[in-house]
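The values are calculated or read from the model by the stated rules, or taken from the named source; none is laboratory data. The structure presented is a predicted model; accordingly, all values stated were derived computationally and were not measured. Using ideal geometry, Cβ is built from the backbone for each residue, glycine included, and neighbour counts are taken over all protein chains shown.
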Amino acid sequence: MRNKKIELLSPAGDLERLKVTLLYGADAVYIGGKDYSLRANANNFSIEEIKEACLFAHKLNKKVYLTLNIVFHNEDIDGVDKYIKEVVDAGIDAFIVSDPFIISHIKDNYDVEVHLSTQNSTTNTLSVKYFKDERVDRVVLAREVSIKEMKEIIDDINLDIEVFIHGAMCTFYSGRCVLSNYFTNRDSNRGGCSQVCRFAFDIDGGKKDKFTMATKDLNLAKYIKDLIDINVRSLKIEGRMRSLYYLATVVGSYRKIIDAIYDNSLDDDMLEHEQKVLARVANRETSSHYLVKKADETDQYYTGRQELSNQDYLALATSYDKDKKILTLIERNYFKVGDEVELFTTSGDVYQFTVEKMYNELDCEIDTARHPEEIIKVEVDLPIELSPYSMLRKKID
Amino acid sequence: MKLVIIPEKLEDLELQKYDAYIVGLDKLSTNYCLELSSEEIKKLKDKYPDKECFVAINKNIFNDELEYLEKSLKSLDEIGVNGVLFYDLAVLYLKKKLHLKLDLVWNQTHLVTNYNTCNYYYQNGVKYAFLASEITLDEINEICSKAKTKTFALAFGYPIMSHTRRSLLTNYFKNEQIPFDGKMHTIKEKEEYLIKEDETGTSILYGKILNGVKLLTDSNIDYAVINLFNLEDKEKLISMVNDVMNGLDREEQLTSLIGDYTGFLFKKTIFKVKKDEK
């Protein structure tokens, strides 16, 4: 195992998500700016917000990477250098880029890391070598690469390799799909993807179900030790448009798994529990896709959309009065007296309890919390100082 | 401007009035009806000496294919093909490492969209760029005027929309408990699309034939490509295209032969969606 601890890399669609993911244990976070990123319709970060993000992360000794991975058209080039300079000045640690012209431009003019985006669908040793020669500092491998191939690449080339471990999957090779362009006129390679791969189609010769190509999500939790053992440098979570709760949960679980591997405390029970936590926050089934075999019929859906709404997230905790034993919350989903719940914190601690008494903002006793954004106070004896962004969810066991 | 055909069958190469052809290389191509060995390509080159011969190596390449890739590139270099279309950067890496003389065509299907990147590849020894089908005629003309690479563009044929390593048809029919017949199928949402599967995975093509006659009359591309896959009246089409290239007006006849779908030549894509359009 390498001396340098593997990096846990999380997405963030805005400043609050960035703070949450870093507090929950991500070592680095990747974000999109207002331009040139493949999630054109996420909130994304202004230059001022990038500065704030970098300050926040660097104080924690963590890093911020910025996606600059659209497929550039002629019109996109004007202004890109000014933008790169502003972002470098804002303190960014690396750019995630797919276009080799942009890579060489950054490397010729700035002292900053460049990571090759998965948009380039890099699948073999020689392609990685090509980009190493182009001074790329890290390659994000295609999601079609197996762990055996990852090992071959890492063993052969002294270059940081990053792999996706969790989140939604593209059905098609990244960069090789423009269904969105043809169906909705939205440019998938410039951040406008309308997810046509999740539509359902009639097909000649079909009998029962409509034809769908939608994939299950990726979840490599049980392979993290294997990825550490082959010297992968960074483990990437997908989802710049995901919610605070999702990010806190997923980052928190992977943080625990990684830390437990490094201190030799990961056992089957713990892994099983964290898998349960990850499963509860997911809105689709998951699989390991190409990691240990070629993705097959078990990695797909056949009956249109299979997205489940998740109502485990009950409330965001805002304060805890130790003397009065009152936990103050902002409600997110319905819960009531008698429910078994758990408070989880940025340090990875989880406190399970039953809701026995709760009050509204006016301190009137209530038995249900039914209005999102409502202030709720729960009477509970907790042995903690509450950390920011602690959250309440249904008990998972 | 030269006319290039992508043959559907070997007999298509007997058609007259074209300047160049593109064939796939066995096991390293995707979406080429003719995927041939180096030996077979050499025979074609000898048989049609007045035609430029291009070979497409356009699949995503994995480690267990690199040895065969290197051997194939050396063979194609010896044969003296006019160019190799590539998707995977391993091809460019090997051209440099092995000091191969063969010319390359940057052919990353949907990614060839700006002149700066064309020029980047030109500086790295790539002579041609095969432009994406999802850019406008204005963008194509700007690339032609500012890029040092010579340009290819699909002018006629079914545009490809997506390619996956997954066996989507095999998987679907397995789930349906029907044996997959190995043939191309049609899927339909609001419109119809073509879907086909081979050893490299599954590809989806737009269901209408691109009629890029304006590329012949209003652009400065160097190579206009006709993909003959699934087309009828191929001889008639090539003859009309030649007429257009010779300054005759055949737009009406072309429209009646293949339809009036002009792809993105006059339609700019968007990518930032207003909140109420999400």
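For the stretch A:196-203, indicate whether the set of residues that are charged (D, E, K, R), assigned to a strand (DSSP E or B) and at the interface with chain B (Cβ under 7 Å from one of its Cβ atoms) is non-empty.
Within the stretch A:196-203, one or more residues are charged (D, E, K, R), assigned to a strand (DSSP E or B) and at the interface with chain B (Cβ under 7 Å from one of its Cβ atoms).
Could you run through the stretch B:174-224 and say how many residues are outside any loop (DSSP other than H, G, I, E, B) and either among the hydrophobic types (A, V, I, L, M, F, W, C) or modelled with pLDDT under 95 (or both)?
13
Among the residues of the stretch A:352-397, write down those that are assigned to a loop (DSSP other than H, G, I, E, B) and among the charged types (D, E, K, R).
A:Glu356, A:Glu361, A:Asp363, A:Asp367, A:Arg370, A:Glu373, A:Glu374, A:Asp381, A:Glu385, A:Lys395, A:Asp397
Regarding the stretch A:281-295, can at least one residue be identified that is in the same structural domain as A:Asp229 (by TED's automatic domain parsing) and farther than 30 Å from B:Thr202 by Cα?
Yes - at least one qualifying residue is present in the stretch A:281-295.
With touching a residue at least 12 places away in the same chain (Cβ under 8 Å), aliphatic (A, V, I, L, M) and more than 17 Å from A:Lys19 (Cβ to Cβ) as the only criterion, which of A:Ile96, A:Ile92 stands out?
The unique qualifying residue is A:Ile96.
May I ask you to list the residues in the stretch A:66-90 that are part of a helix (DSSP H, G or I) and away from chain B (no Cβ under 14 Å)?
Within the stretch A:66-90, A:Lys82, A:Tyr83, A:Lys85, A:Glu86, A:Val87, A:Val88, A:Asp89, A:Ala90 meet the criteria.
Looking only at residues that are surrounded by fewer than 19 Cβ atoms within 10 Å (Cβ to Cβ) and under 14 Å from A:Thr249 (Cα atoms) in the stretch A:271-289, which one is farthest from the chain's Cα centre (by Cα)?
A:His273
Across the stretch A:122-138, which residue is surrounded by the fewest Cβ atoms within 10 Å (Cβ to Cβ) among those that are assigned to a loop (DSSP other than H, G, I, E, B) and within 12 Å of chain B (Cβ to nearest Cβ)?
In this case the residue turns out to be A:Glu134.
Among the strands (runs of 3 or more DSSP E) confined wholly to the stretch B:1-89, which include 2 or more residues that are surrounded by fewer than 22 Cβ atoms within 10 Å (Cβ to Cβ) and of a type in the set (A, V, I, L, M, F, W, C)?
So the answer is none; nothing clears 2.
Consider the stretch A:179-195. How many of its residues are facing another protein chain (nearest Cβ under 7 Å) and either on the phi < 0 side of the Ramachandran plot or in contact with a helix residue (DSSP H, G or I) (Cβ under 6 Å, 6 or more places away or on another chain) (or both)?
Number of matching residues: 8.
How about the stretch A:362-397: which of its residues are of a type in the set (Asp, Glu) and under 16 Å from A:Glu340 (Cβ atoms)?
A:Asp367, A:Glu379, A:Asp381, A:Asp397
Take B:Ser133 and tell me if it is within 20 Å of A:Gly175 (Cβ to Cβ), within 11 Å of another protein chain (Cβ to nearest Cβ) and assigned to a strand (DSSP E or B).
No, not satisfied.
Hey, among the residues in the stretch A:204-229 that are among the β-branched types (Val, Ile, Thr) and more than 14 Å from chain B (Cβ to nearest Cβ), which one's surrounded by the fewest Cβ atoms within 10 Å (Cβ to Cβ)?
For the stretch A:204-229, the residue satisfying everything is A:Ile228.
For residues in the stretch B:144-172 being over 26 Å from B:Leu28 (Cα atoms) and either under 17 Å from the mean Cα position of the chain (by Cα) or not hydroxyl-bearing (Ser, Thr, Tyr) (or both), which is nearest to the other protein chains (Cβ to nearest Cβ)?
B:Lys146
Give me a count of the residues in the stretch A:91-121 that are assigned to a helix (DSSP H, G or I) and within 18 Å of the chain's Cα centre (by Cα).
Residues meeting the conditions: 2.
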